[in-house]
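Please read the structure below before turning to the comments.
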Amino acid sequence: MPARRATNVSLPDPLVQEAKALGVNLSRAAEDGVAQAVKRARERRWLEANRDALAAYNEWIDANGVPLSEFRQF
């Protein structure tokens, strides 16, 4: 497991109170939320970096069809 670092996070008090009342682990919930945000940012960055290649591939498919399509069973 990677090393953990203490971090200060500011959250609205009503949200913190409700989370505590419901037994939500704030550290785990924050970690999950940050992990999801990082994943989305990486995906967005990858799509931006590969936009031209994806467009070129899609143009090639439009012009030539799907490779090996004669062998597809569906």
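Read-outs throughout are calculated quantities, based only on the coordinates presented, and are distinct from any laboratory measurement. Source: prediction; values computed, not measured.
A few notes on this one:
- Karplus-derived 3J(HN,Hα), 6.51/-1.76/1.60, for each residue of the stretch 60-68, Hz, glycine and proline x: 4, 4, 4, 7, 10, x, 6, x, 6
- The stretch 4-46: C-alpha gyration tensor shape, a/c 1.5 cut-off, then a/b vs b/c: prolate
- Most mobile of Leu11, Leu26, Leu54 in a GNM of the chain (Cα contacts under 10 Å): Leu11
- Overall form of the chain per C-alpha gyration tensor (a/c, 1.5; a/b vs b/c): prolate
- With 0.36 nm allotted per residue and the present C-alpha distance subtracted, the Ala21-Arg44 stretch has 4.7 nm of extension available.
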